[in-house]
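Asks: Pasting in a structure now, in structure tokens, and then I'll have a few things to ask.
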Amino acid sequence: MNDSILKLLAPTADADDLFELPSDAPFDDAQREWLSGLLTGIRAMAKAASAPEDEPGTPVTVLYGSQSGNCEVLARDLRKFSATQGFDATVAELDEFEFQTLGEQAHVLIVCSTFGEGEPPDNARRFYDALMADDAAPLPATLNFAVCGLGDSSYADFNKCAIDVHNRLVELGATPCREVLECDVAFEDDYEQWKGAVFETAPFREAAGAATVVANDDELTPAYDKNRPFLANVVEVRNLSGEGSAKTVNHVAISLAGGGEDMHYDVGDALGVWPLNCPEEVAALLAAAGLTGGEVVQHKSGSAPVRALLQTRLDIQTVNAKALATWGVDAAPDDGQVIDVLLQQSPDMDAQTLVDGLRPLQPRLYSIASSPRAHPGEVHLTVGEVHYDLFDSARKGVASTWLGQRLPVGATVGVYVQPSLHFHITDDDTAPVIMIGPGTGIAPFRAFLEERAERKATGQNWLFFGDQHEAHDFLYRDEVLAWQESGVLDELSLAWSRDSETKVYVQTLMQARGAELFDWLERGAVIYVCGDASRMASDVDTALRSIIAQHGGLAEVEAYMDRLVDEHRYQRDVY
């Protein structure tokens, strides 16, 4: 490099003239063009290096407890929104947060659902227990917080977990910025108002740093979600139950053609499905209300005939406190639905009042029963139809019977993928896997076994499955037995509760083979549970703790269980 070029690369005192190319520099056109490009890049890097850094935002901690994933989605939305308000958010699961440091925080936002019988979600149990403990340490008034709860107002313990957390934080001395928000199943509007209002409260507004919009977010907004479903087509509906079964369980296959990567799913994820109400039930509801169905009413989506809204937009079964207040009814019949209120209470109301009292229709989440490796371009579900009697009348589930009875092959259905970060097949193909899923709880484990087979995983697989009768209720019998025959499935434990005088359940078989099960755990097995939360999952959890205590000779069962959870070796998809 000659002296002229070296002089050009020497920084000048004036930053504005940094690395300028003099007009009389002794270069030919080719050299001048090359040097001009080089110096332009150098100037840009120099200015970037000398530019002052953005002022950091005020720290805020966003914690979430989530069973189905909604609270996790909102927590990450809070992180992005808080950046626009001058805050730098840290997001964590409630159980991953170091509870002893809670008093050191200045600003905390908590989003938490209520699960089961008023219980915290699986990833919030330890935080909840520590917070509720009699010896929980006092908290300083400098801890400013707000709590958003997600729940279902049709349950007695509506948002109990979020309410408990809010009240306990107040008891311990922390400062609430707002009253706890008790969201119902249609939470979007209430949540949007809440998050904006939180940052307008004095503790947050006065503490805000420089507002910084996150331009390049590593968490891209999905193309399809609850409010923007992908329009897919049904390609198969097949009855899995035998003729003598007391149940009807269907295998539903849906084509994702056209969805591309935006509709990619992983085994363990759930599929959100938007159902339509049964036309016969809509007609019965209109008759009970004395309406024709042609009355035009106002709705969030715009004006429409009441029949169309009842079939496509509104929950025509659930009765909650808001509905009763809107309709001027003191109380609903025990376990009654909307039609029972109309028939037994005969409230005097017009079409608009009826609509104003109804909750929005919501999508249903189903555990995905397929591996994308085994079924590219498709997603499979295992759906048990819901049928029951109430007030001497046959009733049925909205989505389960829509998918099983009223949705023909080729029909269009709105769907979206609900990622599950806390229920997924292990990436370690050498690790043993224990799957416990009676009834339709087998759904994700069909996907797991397909995935393990496609990946040629060498780790052992053990499936616990059961139902009422082997002859009628052995879901995916041929596939399961084929996996056993080929060696993909190393152990198969089947429990049939009505095939003998003594009722046998999956937890019964767990106890019977407790020593082997504990040996699998000691060798690093990951244990998965899917199915009913109120009974089966609780009984399985009790059996697992008993096995650990008996065969491990361990007094500290809780410590062992905590280690399984921390290592993501105890995962549950329960509902």
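Asks: Counting only Cα, what are the radius of gyration and maximum Cα-Cα distance Dmax of region 133-266, in Å?
Replies: That works out to 22.5, 68 Å for Rg and Dmax.
Asks: Under 5 Å between amide H atoms, partner at least 5 residues away or on a different chain: which partners does G384 have, H built in plane at 1.01 Å?
Replies: The answer is N250.
Asks: Here's a follow-up. What is the percent carbon and sulfur in the accessible area of the chain, measuring with a 1.4 Å probe over the protein chains and ignoring ligands?
Replies: Numbers: 13440 of 27180 Å².
Answer for the chain is 49 percent, counting heavy atoms of protein chains only.
Asks: A further question follows. Residue by residue, what Karplus-based ³J(HN,Hα) values in Hz, rounded to whole numbers, does region 85-94 have, using 6.51, -1.76 and 1.60 with θ = phi - 60° and x for Gly and Pro?
Replies: With coefficients 6.51, -1.76 and 1.60, one gets 9, x, 10, 10, 8, 10, 10, 7, 5, 4 Hz.
Asks: Hey, what do the phi angles of region 59-64 turn into as Karplus ³J(HN,Hα) couplings, whole Hz, using 6.51/-1.76/1.60 and θ = phi - 60°, x for Gly and Pro?
Replies: Result, ordered by residue: x, 9, 9, 10, 10, 9 Hz.
Asks: What does a probe at D428 reach in region 536-557, counting residues whose amide N is under 11 Å from the point 7 Å along Cα→Cβ?
Replies: Residues passing the 11 Å test: none.
Asks: Where does helix 443-455 land angle-wise versus the long Cα axis of the chain, in degrees 0 to 90, nearest 10?
Replies: That helix lies at roughly 50 degrees to the long axis.
Asks: Give me the accessible area per residue for region 458-572, probe 1.4 Å, as a whole number in Å². Walk me through the numbers on the way to the answer.
Replies: Numbers: 5350 Å² over 115 residues.
Ligands and nucleic acids excluded, the result is 46 Å² per residue.
Asks: Tell me, how many Å apart are the Cα centres for region 480-523 and for region 55-96?
Replies: First find each Cα centre; the distance between them is then 41 Å.
Asks: Under Stokes-Einstein, with the Kirkwood radius over Cα pairs standing in for Rh, what whole-number D in µm²/s applies to region 259-404 at 4 °C and 1.567 mPa s? Write out the running numbers ahead of the final one.
Replies: Details: Rh = 17.0 Å.
Stokes-Einstein gives a translational diffusion coefficient of 76 µm²/s.
Asks: Kindly express, to the nearest 10 degrees and within the range 0 to 90, the angle between helix 160-171's C-alpha long axis and the longest C-alpha principal axis of the chain.
Replies: 50
Asks: On to the next question. Sticking with the crude label model, points 7 Å out along Cα→Cβ, report the distance from E516 to H472 in nm, one decimal please.
Replies: 2.9
Asks: On to the next question. Considering only DSSP beta bridges whose two residues both sit in the chain, what percent are antiparallel, to the nearest 5?
Replies: Values: 38 of 81 bridges.
Among the beta bridges of the chain, antiparallel pairing accounts for roughly 45 percent.
Asks: Moving on to the next point. Taking amide H positions as placed 1.01 Å from N in the peptide plane, with prolines and chain starts having none, which residues 5 or more places from L143, or on another chain, fall under 5 Å of its amide H?
Replies: T175
Asks: Can you work out the FRET efficiency for the pair T542 and H264, with r the C-beta to C-beta distance and R0 = 45 Å, to the nearest 0.05? Let's see the in-between values first.
Replies: Values: r = 37 Å, r/R0 = 0.82.
Calculated transfer efficiency: 0.75.
Asks: Determine the alpha carbon to alpha carbon distance for each of K300/K322; K80/K226; K80/K322; K160/K226; K160/K396 and list only those over 21 Å.
Replies: Values: K300/K322 17 Å; K80/K226 19 Å; K80/K322 32 Å; K160/K226 25 Å; K160/K396 28 Å.
Violating the 21 Å Cα-Cα cut-off are K80/K322; K160/K226; K160/K396.
Asks: I need to check one value: relative contact order of region 339-403, counting alpha carbon pairs closer than 8 Å and at least 6 residues apart, in percent. Spell out each step's value before the answer.
Replies: Values: 40 pairs, mean separation 12.1, N = 65.
Relative contact order, region 339-403: 19 percent.
Asks: On a 0 to 90° scale, report how tilted helix 29-50 is relative to the longest principal axis of the chain, with both axes built from alpha carbons and the result rounded to the nearest 10.
Replies: So the helix axis and the longest Cα principal axis differ by about 60 degrees.
Asks: Please give the peptides 498-511, 456-469 ranked by average Cβ packing (other Cβ atoms within 10 Å per residue), highest first, as a rough proxy for protection. Walk me through the numbers before you get to the answer.
Replies: Numbers: 498-511: 16.2, 456-469: 20.3.
Highest-to-lowest ranking by the protection proxy: 456-469, 498-511.
Asks: Kindly rank 269-281, 142-154 from highest to lowest mean number of other beta carbons found within 10 Å of each residue. Before the final figure, lay out the partial values.
Replies: Values: 269-281: 19.7, 142-154: 22.3.
The peptides rank, most packed first, as 142-154, 269-281.
Asks: At a threshold of 8 angstrom on Cα-Cα distance, excluding pairs fewer than six apart, so keeping six or more, what relative contact order does the chain reach in percent? If you can, show how the numbers build up before the last one.
Replies: Working: 1030 pairs, mean separation 64.2, N = 575.
11 percent.
Asks: Taking a ≥ b ≥ c as the square roots of the Cα gyration tensor eigenvalues, with a/c under 1.5 meaning rounded and otherwise prolate when a/b beats b/c, else oblate, which class fits region 469-542? Please list the in-between numbers first.
Replies: Numbers: a/c = 1.65, a/b = 1.06, b/c = 1.56.
It comes out oblate by the Cα gyration axes.
Asks: If the chain between T292 and D330 were fully stretched, how many nm would it gain, using 0.36 nm times the residue separation less the Cα-Cα distance? Mind dumping the intermediate values first?
Replies: Working: separation 38, 0.36 × 38 = 13.68 nm, distance 2.61 nm.
Working it through step by step, the gained length comes to 11.1 nm.
Asks: Related question: Tell me, in nm to one decimal, what length is gained between S346 and D392 on full extension, where the rule is 0.36 nm per residue of separation less the Cα-Cα distance?
Replies: On the way: separation 46, 0.36 × 46 = 16.56 nm, distance 1.84 nm.
Answer, rounded to one decimal: 14.7 nm.
Asks: Once the convex hull of the alpha carbons of the chain is built, what does its volume come to per residue, in cubic angstrom?
Replies: Working: hull volume 141.5 nm³, N = 575.
So the per-residue Cα hull volume is 246 Å³.
Asks: Amide H neighbours of L314 under 5 Å, at least 5 residues apart or on other chains, H built in the peptide plane: list them.
Replies: Close amide H contacts, sequence-distant or interchain: L361.
Asks: Still on this structure: Please report the relative contact order for region 128-183, taking Cα pairs under 8 Å with a sequence separation of at least 6, and give it as a percent rounded to a whole number. Please list the in-between numbers first.
Replies: On the way: 79 pairs, mean separation 26.4, N = 56.
About 47 percent, as a whole number.
Asks: Please say if region 192-320 is rounded, prolate or oblate, where rounded means a/c under 1.5 for a ≥ b ≥ c the square roots of the C-alpha gyration tensor eigenvalues, and otherwise the choice is prolate for a/b larger than b/c and oblate otherwise?
Replies: Working: a/c = 2.47, a/b = 1.34, b/c = 1.85.
Cα axes put region 192-320 in the oblate bin.
Asks: Show me, for region 149-159, the HN-Hα J-couplings you get by feeding each phi into the Karplus relation (A = 6.51, B = -1.76, C = 1.60, θ = phi - 60°), rounded to Hz, glycine and proline as x.
Replies: Ordered by residue, 3J(HN,Hα) equals x, 10, x, 9, 5, 7, 9, 5, 9, 4, 6 Hz.
Asks: Sum up the charges of everything whose Cβ sits under 11 Å from the Cβ of F81, counting Lys and Arg as +1 and Asp and Glu as -1, but leave F81 out. Let's see the in-between values first.
Replies: Details: positive: R76, R79, K80, K195; negative: D77, E192.
It works out to a net charge of +2.
The values are calculated or read from the model by the stated rules, or taken from the named source; none is laboratory data. Nothing here was measured: the structure is a model prediction, and the numbers come from that model. We place every Cβ from the backbone using ideal geometry, glycine too, and count neighbours over all the protein chains shown. Heads up: the accessible areas ignore ligands, DNA and RNA and are worked out on the full protein's heavy atoms, side chains in. Shrake-Rupley method; radii C 1.70, N 1.55, O 1.52, S 1.80 Å.
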